[in-house]
1. From the set of residues in the range 26-39 that are surrounded by fewer than 24 Cβ atoms within 10 Å (Cβ to Cβ) and under 23 Å from the mean Cα position of the chain (by Cα), which is farthest from Ala58 (Cα to Cα)?
2. Does Glu67 satisfy being surrounded by fewer than 16 Cβ atoms within 10 Å (Cβ to Cβ) and more than 16 Å from the chain's Cα centre (by Cα)?
3. Can you tell me which residue is surrounded by the most Cβ atoms within 10 Å (Cβ to Cβ) among those in the range 104-163 that are farther than 20 Å from Lys177 by Cα and among the hydrophobic types (A, V, I, L, M, F, W, C)?
4. Would you mind telling me which numbered condition in (1) more than 29 Å from Leu136 (Cα to Cα); (2) surrounded by fewer than 23 Cβ atoms within 10 Å (Cβ to Cβ); (3) not acidic (Asp, Glu) Ser94 fails?
5. Could you tell me whether Thr73 is touching an Asp or Glu at 6+ places or on another chain (Cβ under 9 Å) and within 30 Å of Asp149 (Cβ to Cβ)?
6. So which residues in the range 162-180 are out of contact with any Leu (no Cβ under 9 Å at 6 or more places or on another chain) and under 15 Å from Gly148 (Cα atoms)?
7. Looking at the range 127-149, can you tell me whether even one residue there is touching a Lys or Arg at 6+ places or on another chain (Cβ under 9 Å), outside any loop (DSSP other than H, G, I, E, B) and of a type in the set (Asp, Glu)?
8. Looking at Asn10, Asn43, Asn85, Asn78 in this structure, which one is within 20 Å of the chain's Cα centre (by Cα) and surrounded by fewer than 17 Cβ atoms within 10 Å (Cβ to Cβ)?
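Nothing in this text is a laboratory measurement; each read-out follows from the coordinates by a stated rule. All of these numbers come straight from a predicted model, not from anything done at the bench. Heads up, the Cβs are rebuilt from the backbone with ideal geometry, glycines too, and the neighbour counts pull from every protein chain shown.
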Amino acid sequence: DPKYTYAYYNRGNAYYNKGDYDQAISDFTKAIELDPKYTYAYNTRGNAYYEKGEYNKAISDYTKAIELDPKYTYAYYNRGNAYYNKGDYDQAISDFTKAIELDPKYTYAYYTRGNAYYEKDEYDKAISDYTKAIELDSKYAFAMSDMGDAYYKKGDKERAKYWYEQALKNKDRLDQKQIDIIQQRLKELKK
């Protein structure tokens, strides 16, 4: 059925999962044409634009999804990531905060808001958000590593060392690049 909205949406997801973002965008667009209030299609098309680095288009789609469903937590989170990648940390913080208000256990929203605070040199706020992310996921190694970075920037080398070591205790949740970075930072702290 050429007017079956969900077929386009589902095929769009399949293309998205294969990394064929242009074809995914085409199918999500067709789903939106058939159902202009299809919130998820806007969000996932936004994700495809995001993966292509087309942050303004992604933000536009996330915003439309939010207009259609003001309680759509993931659209706020996704839009926050797009703003973050554009360097608009204040707007990113605003969206991550809204995602947290809608879902107070949204670990990644705390973590990414912490990253935005970190980029603004607001290390205490970053540490607070990393702490909350770790409370929600006790093995969140990236949050531990970034907590180490925040303490390092504050000049608290003992706490930085502690958090880097905690991250390495959970290295099965890190990629090799991050493990190498942490090990290098620990060497620098021992000098």
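1. Among those that are surrounded by fewer than 24 Cβ atoms within 10 Å (Cβ to Cβ) and under 23 Å from the mean Cα position of the chain (by Cα), it is Tyr38.
2. So Glu67 passes the test.
3. The selected residue is Ala109.
4. Exception for Ser94: condition (1).
5. Yes.
6. Of the residues in the range 162-180, the ones out of contact with any Leu (no Cβ under 9 Å at 6 or more places or on another chain) are 162-163, 166, 169-173, 175-178, 180.
Across the range 162-180, the qualifying residues are Tyr162, Trp163, Gln166, Lys169, Asn170, Lys171, Gln178, Asp180.
7. yes
8. The conditions single out Asn85.
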